[in-house]
Amino acid sequence: MNEKALQWFYKELPDLVYKGVLTQEAADNLRRYYGGVKGADKKWLVIMLCSVFGALLIGLGIILLIGHNWEQLSRALRTVLSLLPLLIAQGLASWVLLKYPQSHALKEGTATFLSLMVGASIALISQTYNIPNDTPTFLLTWMLLIVPLVYFMEATIPAGIYIVGVATWTENFWYYQPLKAFLFWPFLAVIIPHLIGILREEKYTHRAAFLTLVMAVSVCFGTGFTLGRTWPSSWMVIFPSLITLFYLLGAWKFPGASTNWQRPPLVIGGLGIFVFMFLFTYRCPWESITQPYNYPPNEILSPTAIPDHLLTFSLVAGVMLFALQFAKRRDWMRTLFGVLPLMALVGYALATASLSSAFPTSLFNGFLLVVSLYRLITGIRANHLGTINTGMLMLAVLVLARFFDSEINFLLKGLVFILIGIGFLVTNVVMLRRKGGAA
Amino acid sequence: MRRKYIFGLFALLIVVQIALPVSMIAKREATLKNGVVFRFKTAPVDPYDAFRGRFVALRVEVNSISKPMGVDLKYGQKVFAQLTVDANGFAKISAISLQRPKAGDYLAATVGYCHENSVNLNLPFDRYYMEEKAASHAEQVYREHSRRDQQDAYVIVRIKDGFAVVEGLYIGGSKIEEILRRTK
């Protein structure tokens, strides 16, 4: 339940018991059921922002102070000063872990500071000894040195830094060393127990939202660096499958979210699905399948492509089976969105077999039309303004895009714009009135 | 009990976090103290790519060598460059091998671009860090002395067991920091 609503509800409870609406036992049961109000959540967000900015400012300050007269200092002194930020951060983290092991906020802040100072110290030493540019080694060393903090100090921001770090590290290998790039997945898996722990204990908090958001975005980058490098334009099946997986996971695992920020996978997935549906109504992505192939050198039949094939197959098949679960539950809206990977696969097969983009583009124009109409109708039936508006928006985007493609004069195009605008306004006014009447 | 266990592991992590930078320092200090001195002549630099932030980008002249017969070299592969000194006292690559040489001075490097008969090596020194204000001035001086008509810039590198550490950037026989102090 929404935190504010819960606070209000708890305030009302004594009064309800006093007036005999609820028994004391029922009120206690309700309290047990909903749990405590987590004021700590907002505190976590503030701590997150303060610790990141604080650590950055302190770190930069130290580096600037040292850097000011860097040339005049002896190498021995420079070396000691390079280690100083790290030692200070380690001291602070140890003190917090010994004295305030219960304080999540202090642990989060000092772990973040320590995470950044590990990187700063290595960078300063690299500067002192003119160490050549080797970003991947630097990044991986830094990330492996900070990842235990996620568990020892139960800190989520270092987990975010680590995930972004390993995704950036992977980027260096996607072209020449595809097998090495695949290490992204085991590296990412290191954070999974932490993610599961947070989703179990504090699913609808800023902390969980932050981690799932960073995870989802980094997984998209990681997928780009590791998959889709064998079959020409296989991204057209891989990315829709991934984004659908986010959407379905969001729908499955976050049913109690009261606002959208509490379920980033669903929001990213929903938006992504619409973007892909719309993109695939155009000819150019389908035409790229039959274009001369100029991707990195990873042969379809080479052993280095095996992990790529395996993960791609598991992803696409897994998402389709997942969507089937929603069909079994008769959740047709989710199922329709979940059909995207299958449609992309059919479109890919059609484009390859016919060597033309006409079939897949017609397929996706029809698909987007059905999905937007279904969403619109479901929204009207359920009297849900958000669903109606997203359905109308999807429909409007499709109509306008096709309209722009056609050779119709500007006057008529202008009139259609106005009509769609009026449609939006009228529907919203009618729905709001209807809602007002119901209340 | 659990707390003690976590703190024990945390202490171990702290030791590793410190040990790594300390080992980086120790290895380089040992090389600077006991390594053999080599002078590498710097090559003309691309004026648009010479300077990135707070360091002078170095490009060493002798980074290419004829391809050994019957050896298939790939980009990024580790190789050992055997070093000699030419008549002017500058370092020269005499041969490359995939195995660590048993005798003589050598440098661990990676394969850059391979041409039909020659191979370019990425030597393990590509930058010389300087203080922010001095850096742009240093770049200008370095560029003037790395032109084809006036090429008297070189780096002094200490090498021990194939591992190299840059000791200083010299122009016309003087350290760049000294030149900057003189011309300030």
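The values are calculated or read from the model by the stated rules, or taken from the named source; none is laboratory data. This structure is a prediction, so every number in the text was calculated from the model and none was measured. Quick reminder, even Gly has a Cβ in these numbers, built from the backbone with ideal geometry, and neighbours come from all protein chains shown.
General remarks:
- Just one of the listed residues (A:L92, A:L140, A:L116) is at negative phi and either at pLDDT below 90 or facing chain B (nearest Cβ under 9 Å) (or both), and it is A:L116.
- Looking across the stretch A:143-157 at every residue that is more than 12 Å from chain B (Cβ to nearest Cβ) and in a helix (DSSP H, G or I), the one that is surrounded by the most Cβ atoms within 10 Å (Cβ to Cβ) is identified as A:I157.
- For the stretch B:123-145, the count of residues that are more than 17 Å from B:R39 (Cβ to Cβ) and part of a strand (DSSP E or B) is nonzero.
- Cross-chain or 6+ apart pairs with Cβ under 9 Å, the stretch A:383-401 first and over 22 Å from A:T259 (Cβ atoms) and touching a residue at least 60 places away in the same chain (Cβ under 8 Å), then part of a loop (DSSP other than H, G, I, E, B) and not hydrophobic (A, V, I, L, M, F, W, C): A:L398/A:T281; A:A401/A:T281; A:A401/A:Y282
- Residues being charged (D, E, K, R), assigned to a helix (DSSP H, G or I) and modelled with pLDDT under 85 are entirely absent from the stretch A:334-345.
- Criterion violated by B:G89 - all others in (1) in a strand (DSSP E or B); (2) modelled with pLDDT of 85 or more satisfied: (1)
- For A:M431, the stated conditions do not hold, so it cannot be described as crowded, with 16+ Cβ neighbours inside 10 Å and in contact (Cβ under 8 Å) with a residue 60 or more places away in the chain.
- Residues satisfying the stated conditions in the stretch A:376-391, i.e. surrounded by 13 or more Cβ atoms within 10 Å (Cβ to Cβ) and not hydrophobic (A, V, I, L, M, F, W, C): A:T378, A:G379, A:H384, A:T387, A:N389, A:T390, A:G391
- Of all positions in the stretch A:168-184, at least one carries a residue that is over 23 Å from A:K107 (Cα atoms), free of Cβ contacts under 8 Å to residues at least 24 places away in the same chain and charged (D, E, K, R).
- Residue within the stretch A:347-357 that is touching a residue at least 40 places away in the same chain (Cβ under 8 Å) and either within 30 Å of A:K253 (Cβ to Cβ) or touching a strand residue (DSSP E or B) at 6+ places or on another chain (Cβ under 9 Å) (or both) present: yes
Yes or no, residue by residue, for (1) away from chain A (no Cβ under 14 Å); (2) at pLDDT below 90; (3) part of a strand (DSSP E or B); (4) buried (at least 16 other Cβ atoms within 10 Å of the Cβ):
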residue	(1), (2), (3), (4)
B:R3	no, yes, no, no
B:I18	no, no, no, yes
B:S23	no, no, no, no
B:K27	no, no, no, no
B:I65	yes, yes, yes, yes
B:P68	yes, yes, no, no
B:V71	yes, yes, no, no
B:Y75	no, yes, no, no
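- Residues of the stretch A:40-78 classified as within 12 Å of chain B (Cβ to nearest Cβ), at pLDDT 75 or above and out of contact with any Ser or Thr (no Cβ under 6 Å at 6 or more places or on another chain), total: 3
- Residue in the stretch A:225-246 that is surrounded by 20 or more Cβ atoms within 10 Å (Cβ to Cβ), closer than 23 Å to A:L144 by Cβ and out of contact with any strand residue (DSSP E or B) (no Cβ under 6 Å at 6 or more places or on another chain) present: yes
- Test: residue in the stretch B:106-113 that is assigned to a loop (DSSP other than H, G, I, E, B) and within 20 Å of the chain's Cα centre (by Cα): no
- Of the helices (runs of 4 or more DSSP H) contained entirely in the stretch A:211-312, those carrying at least 3 residues that are within 19 Å of A:V339 (Cα to Cα) fall at A:235-253, A:264-279.
- Extreme residue, nearest to the other protein chains (Cβ to nearest Cβ), among residues of the stretch A:95-113 that are touching a residue at least 60 places away in the same chain (Cβ under 8 Å) and crowded, with 21+ Cβ neighbours inside 10 Å: A:F113
- Check on A:L86, more than 30 Å from the chain's Cα centre (by Cα), crowded, with 21+ Cβ neighbours inside 10 Å and of a type in the set (A, V, I, L, M, F, W, C): yes
- The stretch A:167-210 - residue that is of a type in the set (F, W, Y) and away from chain B (no Cβ under 14 Å) and, of those, surrounded by the fewest Cβ atoms within 10 Å (Cβ to Cβ): A:W185
- Every residue from the stretch B:113-128 that is within 13 Å of another protein chain (Cβ to nearest Cβ) and either within 19 Å of B:I159 (Cβ to Cβ) or modelled with pLDDT under 80 (or both): B:L121, B:N122, B:L123, B:P124, B:F125, B:D126, B:R127, B:Y128
- The condition (being at pLDDT 85 or above, under 28 Å from A:W174 (Cα atoms) and of a type outside the set (F, W, Y)) is satisfied by just one residue among B:V37, B:V79: B:V79.
- Unique residue being over 28 Å from A:G228 (Cβ atoms) and at pLDDT 90 or above when the list is A:K328, A:K413: A:K328
- Among the residues here, B:A81 qualifies as free of Cβ contacts under 8 Å to residues at least 60 places away in the same chain, closer than 26 Å to B:V36 by Cβ, more than 13 Å from chain A (Cβ to nearest Cβ) and out of contact with any helix residue (DSSP H, G or I) (no Cβ under 6 Å at 6 or more places or on another chain).
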